[in-house]
C-alpha cells in the first residue's frame, strides 16, 4: 500500500475499538467488524476516552447488529442499537462516547464521491440532505441482512488475489449499498418530514443548524443566520433554545471550537494557521476565543 496518498488522514484507525479482521483495499476502502473476535477492553477504553474529536474526509457506514454504541456527530448524540445503521458523510466531526456490553458492529469506510458517480443526481442530493440531518436509520431485519450480505461480499473480494477488475467489483458492491441507502431514505424521510412539518420550532432549528454547518468557519454572528432566515436575532435565539435547550450563539461557538479542536489535534497546522482557516482576524483573537471556550490556549491543547 502507498502510505503517501490515502483517504484516511484525519482519523487514526489504530485507535478504533475493532479487534476483528480489518481489511483495506488500495487505501480507499476499509472494512472492519468485531463479529468473531473478542473485544480488547484496553483498546476500547483508550479510544472511548480520547479527549478530542476527529474530522472525517471519507464516508462511513456503521451497521449495528447487537448491543449499543453511543456517538456524538456534529455536536448531536446518537445511540445505535440492533439493526441500526449510522451513515456519516465526509466533513463530519465525530466523537465516540461509549459502548454497551456485547456490542457487535461492522464498519464500511470509503471515499463517498466516487460511489455516487453515475447515480441519479436528484436522488443523491435528497439522500445527502436527509442523511445530514438524520444519519441514524433503523432497518428491518431483512434490510440489515441485505446490507450485511454486501459487506461480506466485499470482504470476500478483498481477500481474493487482486485482479484488474477487483476495484470495479468493490465499487459495484458499494453502489448497491448506496442504492439501498436511497431506499432506506425513501422509507424513513416521509414519516420524519411529516412529523417535522407540524413542529415549526424544530423546522427553524433544523434550518439554522444546516446554515451553521455551511457557514460557521466564516460567520460567527447570530445576525448573519437570522438574516438568512428572515428572522430577528432575538427570535431565532429564543426558538433555537426552545427546540434544543441551547441558545443559537452557543451552537455557533461549539461548531467553531469543534472544528478548531479537530484541526489542532490533526497536528497538520500551527495554531496560527488554524485561526486563519477559521477566519479569525489574527492569532491573538483566535487564542482568546479558544481559551474562553475551553480554558486552554490552542498551543496548550495541542500539547495535551
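The values are calculated or read from the model by the stated rules, or taken from the named source; none is laboratory data. Treat the numbers as computed from the prediction; the structure is a model and nothing was measured. For neighbour counting, all protein chains shown are included, and Cβ atoms are generated from backbone atoms with ideal geometry for every residue, glycine included.
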task = Give the residue that is modelled with the lowest pLDDT, with candidates limited to residues of segment 249-304 that are assigned to a loop (DSSP other than H, G, I, E, B) and touching a helix residue (DSSP H, G or I) at 6+ places or on another chain (Cβ under 8 Å).
result = 267
Extreme residue, surrounded by the fewest Cβ atoms within 10 Å (Cβ to Cβ), among residues of segment 288-304 that are more than 18 Å from residue 254 (Cβ to Cβ) and without any contact (Cβ under 8 Å) to a residue 60 or more places away in the chain = 303
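Could you please find all residues in segment 79-106 being surrounded by fewer than 19 Cβ atoms within 10 Å (Cβ to Cβ) and either assigned to a strand (DSSP E or B) or under 13 Å from the mean Cα position of the chain (by Cα) (or both)? Don't jump to the end; show me each part of the working.
Restricting attention to segment 79-106, the residues satisfying the condition of being surrounded by fewer than 19 Cβ atoms within 10 Å (Cβ to Cβ) are 79, 81-82, 89-91, 97-98, 100-102, 104.
Result: 79, 89, 90, 91, 97, 98, 104.
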task = Please tell me if residue 135 is touching a strand residue (DSSP E or B) at 6+ places or on another chain (Cβ under 7 Å) and modelled with pLDDT under 90.
result = yes
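For residues that are buried (at least 18 other Cβ atoms within 10 Å of the Cβ) and touching a strand residue (DSSP E or B) at 6+ places or on another chain (Cβ under 9 Å), scanning just segment 245-270, find the one that is farthest from residue 299 (Cα to Cα). Before the answer, list the steps.
Applying the first criterion (buried (at least 18 other Cβ atoms within 10 Å of the Cβ)) to segment 245-270 yields 248, 251-252, 255-265.
Of the ones still in play, those that are also touching a strand residue (DSSP E or B) at 6+ places or on another chain (Cβ under 9 Å) are 255, 258-259, 261-263, 265.
Values: 255: 19, 258: 15, 259: 15, 261: 11, 262: 13, 263: 12, 265: 10 Å.
The residue in question is 255.
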task = Note down all Cβ pairs under 7 Å where the first residue falls in segment 217-228 and is over 25 Å from residue 273 (Cα atoms), the second is part of a loop (DSSP other than H, G, I, E, B) and at pLDDT below 95, and they're at least six residues apart or on different chains.
result = 226/232
key: Filter result (within 29 Å of residue 302 (Cα to Cα) and surrounded by 21 or more Cβ atoms within 10 Å (Cβ to Cβ)) within segment 63-72   = 69
inquiry  = As an exercise: evaluate residue 219 against (1) modelled with pLDDT of 90 or more; (2) not assigned by TED's automatic domain parsing to the domain that holds residue 275 and give the number of the one condition it does not meet.
reply    = (2)
